Amino acid sequence: MELLKLQDIGKIYVSEGNVSVGIRGVNLSFDKGEFVAVTGKSGSGKSTLLNVISGMDTYEEGEMLVCGEPTSHFMQPEWEAYREEYISFIFQDYNIIESFTVLQNVELALMNIDDKKERRRRALELINRVGLSSHINQKGSKLSGGQKQRTVIARALAKDSPIILADEPTGNLDPHRSLEIMTLLERINQMGTTTLVVTHEKELVNRFAKRVVSIEEGRMVSDWTGGYYHT
């Protein structure tokens, strides 16, 4: 059974009487442990697709199934529960607290652990996994872009979710740091996490993605495994 399945999914936006299509007629399924790149030009619907998968955006057409269970009837509490159980986010703009240290930022994602010693132990373990042990007491405002993104990844790992959604995670990084972050995501993916990465960087797609979904004008135009991404 697929972890996620999208059947004829459509997201429609209405603003001041104007109707626009975010995505339409999208049919996709994702299994546990896949590493998938979602590609397309700016405004093509890539981020909309991720927002629908994450439950941050509702959908007006079709059905999304999670482990075979439909979600079209979900209200806000059900979507919140879904995100809490299934989804971790990695954003292009980091979304860390600049005045907090690396350790404090990661511990914040572990507040569900009541025991302070266990929370600290788990945070240090995650920080070590992303290669930031020497920066645990560095404030977010003093970190490089790559170090901020590693902090975000450690925070995402704190949820231990089966799905990681990364929206342009290397968009603010130089090529060297981009390679480091994608290598880290690949290593995490190999532990069984389903990883969906929105990116326009062809070189990274060719090197890391096992599967590529291409979006144009809100519609899926290709879905393939292996080979190289040329468009």
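The values are calculated or read from the model by the stated rules, or taken from the named source; none is laboratory data. Not measured: the values here are computed from a predicted model. Cβ: placed from backbone, ideal geometry, glycine included. Neighbour counts: every protein chain shown. The area values use the complete protein model at the heavy-atom level, side chains included, leaving out ligands, DNA and RNA. Shrake-Rupley method; radii C 1.70, N 1.55, O 1.52, S 1.80 Å.
Summary table
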| read-out | value |
| --- | --- |
| Test: T170 is outside any loop (DSSP other than H, G, I, E, B) and within 20 Å of the chain's Cα centre (by Cα) | no |
| Test result for G33, touching a residue at least 60 places away in the same chain (Cβ under 8 Å) and in contact with a helix residue (DSSP H, G or I) (Cβ under 8 Å, 6 or more places away or on another chain) | yes |
| Per-region count, region 114-137, residues in a helix (DSSP H, G or I) and either of a type in the set (A, V, I, L, M) or crowded, with 21+ Cβ neighbours inside 10 Å (or both) | 4 |
| Any hit, region 138-149, residues being of a type outside the set (S, T, N, Q), in contact with a strand residue (DSSP E or B) (Cβ under 6 Å, 6 or more places away or on another chain), open to solvent by 10 Å² or more (accessible area, probe 1.4 Å) and at pLDDT 95 or above | yes |
| Qualifying position, being in contact with a Lys or Arg (Cβ under 6 Å, 6 or more places away or on another chain), in a strand (DSSP E or B) and open to solvent by less than 50 Å² (accessible area, probe 1.4 Å), among I215, I164 | I215 |
| Residues of region 24-62 that turn out to be over 18 Å from the mean Cα position of the chain (by Cα), surrounded by 23 or more Cβ atoms within 10 Å (Cβ to Cβ) and in a strand (DSSP E or B), as a count | 1 |
| Flag for V152 being under 16 Å from the mean Cα position of the chain (by Cα) and either surrounded by fewer than 17 Cβ atoms within 10 Å (Cβ to Cβ) or not small (G, A, S) (or both) | yes |
| Qualifying residues in region 172-212 (those that are buried (at least 19 other Cβ atoms within 10 Å of the Cβ), polar (S, T, N, Q) and touching a residue at least 60 places away in the same chain (Cβ under 8 Å)) - the one nearest to K11 (Cα to Cα) | T199 |
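Residue-wise test of (1) touching a Ser or Thr at 6+ places or on another chain (Cβ under 6 Å); (2) at pLDDT below 90; (3) farther than 15 Å from I90 by Cβ; (4) among the charged types (D, E, K, R).
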position: H135; (1), (2), (3), (4): no, no, yes, no
position: D160; (1), (2), (3), (4): no, yes, no, yes
position: H176; (1), (2), (3), (4): no, yes, yes, no
position: T183; (1), (2), (3), (4): no, no, no, no
